[in-house]
1. What is the extension gain from Asn93 to Phe167, computed as 0.36 nm multiplied by their sequence separation minus the C-alpha to C-alpha distance, in nm to one decimal?
2. Go through segment 140-145 residue by residue and turn each phi into a ³J(HN,Hα) via Karplus (6.51, -1.76, 1.60, θ = phi - 60°); whole Hz please, and just put x for glycine and proline.
3. Give me, ordered by chain and number, the residues 5 or more places off Leu155 or on other chains with an amide H under 5 Å from its own placed amide H.
4. To the nearest Å, what is the center-to-center distance of segment 55-96 and segment 165-183, using C-alpha atoms only?
5. What's the ranking of 184-195, 148-159, 75-86 by average number of surrounding C-beta atoms within 10 Å, highest first?
6. Give the peptides 202-210, 175-183 in descending order of average Cβ contacts within 10 Å, highest first.
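Rule-based calculations on the coordinates, nothing more; no lab input. Quick caveat: nothing in here was measured; it's all calculated off a predicted structure. Virtual Cβ from ideal backbone geometry, glycine too; neighbours counted across all protein chains shown.
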Amino acid sequence: MFSLALYPSNLAIRRGVARLLSGVLIICAALSGRIAASAPADWFPDPPTLRHYVWSFQPCLGCVEYAAPPDWRRMAALAGLQTVRFIHSPDDNFGPAYSAAPDVIVLTPSALKLEACQLAFVIGHEIVHIAQRHFDEDANALSVYSGKPGDWTVLGEDAMQLSEGNFGLALRLSHLWQAQEQEADWVGALLAAQASGCSIESGALAYFRQEIEAGGGVAAAHAPSMERIRQLLPFTDSAKRLVELEPR
Ligand SMILES: [Zn+2]
C-alpha cells in the first residue's frame, strides 16, 4: 500500500515498516492479475522492466466502489492504464488515500473533502504508484535482498511477507520507497495538470500547504511537506504547458 501522507526520511521508514509489517496491507485473496494497459502520454515515464507478480486485493471493511469522475479516468489513461478501481473507505487510518496492488485506489472521507485540484493531485499520485509498478519493484527488491531465487514465488504478497519482523530489511528498502514517493509526486502533479487542468500551485502545493497548516505547530512534522514542495517547484512550467493542452 502506498499512502500519500507520510514521506520522506524517517517517516518513509516508519511508513514502510508499517506498510510491510501490517499484514501487507489489506491485500489478500480473491481478485488478482495484471492491470490492462493502454498507450500512455508521450511524456509519461516508462515503467520499470521487472518481473510482474500476481497480486490480489481484499476489500477493506465497510469499503464500497466509488464512481470516479471523468478526469480521474483521464489520468489513468494518460498513465497507460485502462482500469483503476476506486474504493471509498469509511476510515482514515492510512491517510487520505492509498493504493493497493494490483489496481486499487482507496479514498477516505478526508480525501473527498479536499479542493478538486488537491484531490486530483492525490489521485494522480496514487495512479503513478500503480502505473509504475511500485508494488512489483518492492517485491523484487525484497526477494533479491533476501537471497531468494528468481522463481521462488509468483505471489506478490509472499514476497512482501519477507520483511515481516525484519526491520533491517525494511530499512534497506527505504531509499527505494523515497524514490517512489518522489516519482509519484511529480508525475502525479503532471497528470493532474493535463487531465484536470490543475497547476502545481493549485494542486500539489496547495495540498502540502494545508498539511503544514494542519501540522499543529510541530516543526518536525513540517519538514516532509516543505521538502516535497521544494522538489515539485522545478515542474511548475511543465505543468503550465500541460494545463494548456486539450484534456485527453
Ligand atoms: Zn505515495
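1. So the extension gain works out to 24.5 nm.
2. 4, 5, 4, 5, 5, 5
3. Correct list: Val54.
4. 24
5. The peptides rank, most packed first, as 184-195, 75-86, 148-159.
6. Going by the mean number of other Cβ atoms within 10 Å, highest first, we get 202-210, 175-183.
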